[in-house]
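The values are calculated or read from the model by the stated rules, or taken from the named source; none is laboratory data. Computed from a predicted model, the values in this text were never measured in an experiment. For neighbour counting, all protein chains shown are included, and Cβ atoms are generated from backbone atoms with ideal geometry for every residue, glycine included.
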Amino acid sequence: MAVIEIKGVAKHFGSFTALHNIDMTIDDKEFMVLLGASGCGKTTLLRIIAGLETPSQGEVWIGGRRVDNLPPRQRGIAMVFQNYAVFPHLTVFENIAFGLRMSKTPQAEVERRVNRTAELMHIEQFLKRYSGQLSGGQRQRVAVARALAMEPEVILMDEPLSNLDALLRLEMRAELKGVLAESKSTAIYVTHDQVEAMSLADRIAVMHKGHIVQAATPIEVYRNPATRFVGGFIGNPPMNFLPAQPSGPNRFSVAGESFGGPSTGRPLEFAIRPEDMTLADSGGIRATARVVEPLGPHLLVTADVDGTLFRAVVESDARVVPGDRLNLVPLPGRARWFDPETETAIPA
Ligand code: ATP
């Protein structure tokens with residue numbers, strides 16, 4: 001059982017606060033992804049869990065044991081970092097076997113585990129090669145295989161696929177998901193790639209300026225962003241926002257159209273995802289198309305709504321050209337509302 005509990009963890013570097021009072025529990029065997037823009041504190045949090053950084057405040061517990069005062073090797077974790085510390089003077093086999101040798105695993109078991117994980121990572125053909133003779137992407141796979149071979153209670157990964165080309169990255173993402181679903185490890189995975197996060201995670205913790213702003217399943221984060229930041233960060237293209245003026249009990253005027261909304265009685269922000277609208281002949285949000293980009297299955301229309309940038313993803317056979325006046329009708333149940341001051345979601 002390796003539940004990970006982070007209790008009131010803060011990290012200061014001089015006068016700069018990289019993490020503010022982080023509380024989070026990661027369940028046994030859960031795959032948690034830390035997602036956020038560069039500099040939001042993801043790596044710092046991972047390093048604190050790993051024991052490579054000490055928290056300025058707070059506690060880290062793994063499997064019911066307080067570990068923030070223990071060195072990394074006593075925490076029962078395996079790590080894969082961006083700079084994959086693969087030893088160039090060792091063969092791929094010995095690199096993968098490294099941790100197992102340290103823990104005096106019998107030779108037959110070492111061979112079984114190295115062969116199995118090398119196969120999973122598609123590097124079995126390189127086992128006899130020196131790691132110095134591998135490409136960056138191949139070395140990265142060796143680093144992942146080495147961590148998996150330990151069959152650790154906890155596996156921590158910091159952008160482990162960052163050096164792979166797009167196609168291999170896609171393939172490895174699926175492999176990694178399969179491998180970890182079968183393993184007994186609790187996993188924490190750092191990325192700034194939202195597609196990777198959505199694809200891999202049981203839950204995503206979205207980080208912003210040293211805070212966890214939402215920790216929920218990928219679909220929840222996507223459909224019901226807790227804050228405006230999450231709605232604007234997740235999704236490509238991101239959520240659209242428009243000012244909403246109260247126009248009656250539970251009603252708001254948005255770009256000239258009346259919508260049912262929360263009962264706050266004060267101005268809010270109306271939010272809608274670009275793919276959550278259909279083109280109609282009348283009604284809906286009035287937009288003027290500015291740029292039309294064919295994306296294969298869809299058209300991405302960048303438009304203008306009363307001076308606000310607004311995007312819609314419409315069917316590829318829709319005939320839209322720049323300058324067209326569009327009527328975009330939100331799909332039922334898809335509009336969201338945010339408080340313009342606190343930037344938090346308001347339930348409708
Ligand atoms: P990236 O995706 O770019 O790796 P990140 O979200 O992982 O970003 P962190 O590496 O955790 O971000 O850094 C968070 C903040 O803390 C950044 O502003 C960074 O400059 C700062 N920081 C990290 N380590 C140190 C340090 N040793 N001394 C001073 N500031 C630091």
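A few points about this structure:
- Residue ID - nearest to the ligand (Cβ to nearest atom), chosen from residues in segment 1-14 that are within 16 Å of GLU53 (Cα to Cα) and of a type in the set (Val, Ile, Thr): VAL9
- Test: residue in segment 50-60 that is more than 16 Å from the ligand (Cβ to nearest atom) and surrounded by fewer than 17 Cβ atoms within 10 Å (Cβ to Cβ): yes
- Here TYR189 meets each of (1) within 16 Å of the ligand (Cβ to nearest atom); (2) modelled with pLDDT under 90; (3) buried (at least 23 other Cβ atoms within 10 Å of the Cβ) with one exception, condition (2).
- Scanning segment 1-49 for residues that are modelled with pLDDT under 95 and among the aliphatic types (A, V, I, L, M) returns MET1, ALA2, ALA37.
- Single match in THR43, THR17, THR105 (criterion: of a type in the set (S, T, N, Q), within 14 Å of the ligand (Cβ to nearest atom) and outside any strand (DSSP E or B)): THR43
- Any hit, segment 89-109, residues being within 26 Å of GLY210 (Cβ to Cβ) and β-branched (Val, Ile, Thr): no
- Any chance GLY232 is surrounded by 14 or more Cβ atoms within 10 Å (Cβ to Cβ), small (Gly, Ala, Ser) and either free of Cβ contacts under 8 Å to residues at least 40 places away in the same chain or touching a Cys at 6+ places or on another chain (Cβ under 6 Å) (or both): yes
- In segment 20-37, residue nearest to the ligand (Cβ to nearest atom) [restricted to those that are in a strand (DSSP E or B) and of a type outside the set (A, V, I, L, M, F, W, C)]: HIS20
- With a requirement of 1 or more residues that are without any contact (Cβ under 8 Å) to a residue 60 or more places away in the chain, out of contact with any Ser or Thr (no Cβ under 7 Å at 6 or more places or on another chain) and among the hydroxyl-bearing types (Ser, Thr, Tyr), the helices (runs of 4 or more DSSP H) lying completely within segment 111-217 that satisfy it span 194-200.
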